[in-house]
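To start, the structure under review is shown below, and the notes come after it.
Quick note: the coordinates plus some simple rules give every number you see, no bench work behind them. Small disclaimer: the values here were computed from a predicted structure and weren't measured. For neighbour counting, all protein chains shown are included, and Cβ atoms are generated from backbone atoms with ideal geometry for every residue, glycine included.
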Amino acid sequence: MKKIILLIFISLFNFSIFGQVDFASNVKKDEALEKQQELIEMKRTVDVGAGFGLDYGGLLGFQITYTPIKYLGVLVSAGYHIVAFGWQIGLKGYILPKTNLKRVRPTVKVMYGSNRAIIVDGASQYNKSYIGFTPGAGIELRFGSKKTHGLNIDLNFPISSPEFKDDYDALKNNPAIEINIPPAPVAFAIGYHFEF
C-alpha cells in the first residue's frame, strides 16, 4: 500500500498543513504482533475427549488426560466394553511437546484396563470382559488458530491376560461353540478432544 499524503489547505488564513500516514507500516506491525503471539508456547494441561475404542474404555466412552509436563501425560478412561463397564489407566508420552505450537503430535502409550471380551451368542454365561496391558501409538491432530480441539487416532496392541487365554482355549475346545471372530492382534481408536 502506498503512503497516503494528507494535504489540508486552509485558504482563509493562507497557510498549509502537510502530513503523511503510513498505513502499510501499521498493518505490518499488526501482522508481526499476531505472529509473535502465535509463537508463544502454551502447555496444554488437561485434555478431554469422547470416542470409540480401547482408549475410551472399550467400545464407546470418555477419556481425560492430565499432562503435568509437556512430554508426559496420565490418562484415565471409562466407557462401555460390550458386556460390562470398561476402563483404562495409563501413561502417554509425547514425541513433540503437548503445546499450542504443534498441529500434529505423535504419541506412544501404555494402558492397563479392559482390553479383551468374550461374547457367546445364546450362551451369556460365557460373556465376560478381561483386564490386561495395552501398548500403543497414535497421533493427535489439532485444528483452529489456537489448536485447542481435534482428533486423536490410535493403534493399540492388546496383550491377552492368562485368564482370557484359558477361557478362550476352553471355548475353542468346546464342540458346542463355534468361534466366528478370533481375538484381533490390533485395535483402532478414534476420538474428538478439547484441550485446556
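Points to keep in mind about this one:
- Rg over Rh [alpha-carbon atoms, Kirkwood Rh] for segment 91-196: 1.14
- Measuring nothing but how far apart in sequence close Cα pairs (under 8 Å, 6+ apart) lie, relative to its length, segment 41-195 scores a relative contact order of 22 percent.
- Remark: for residue pairs Lys92/Lys165; Lys43/Lys109; Lys109/Lys172; Lys102/Lys165, the C-alpha separation exceeds 30 Å in Lys109/Lys172; Lys102/Lys165.
- For Leu101, the residues whose amide H sits under 5 Å from its own are Met42, ignoring neighbours fewer than 5 places away on the same chain, with H placed 1.01 Å from N.
- If you take the Cα centroid of segment 118-157 and the Cα centroid of segment 160-176, the two points sit 23 Å apart.
- 12 Å beta-carbon shell around Gly132, net charge (K/R +1, D/E -1): +1
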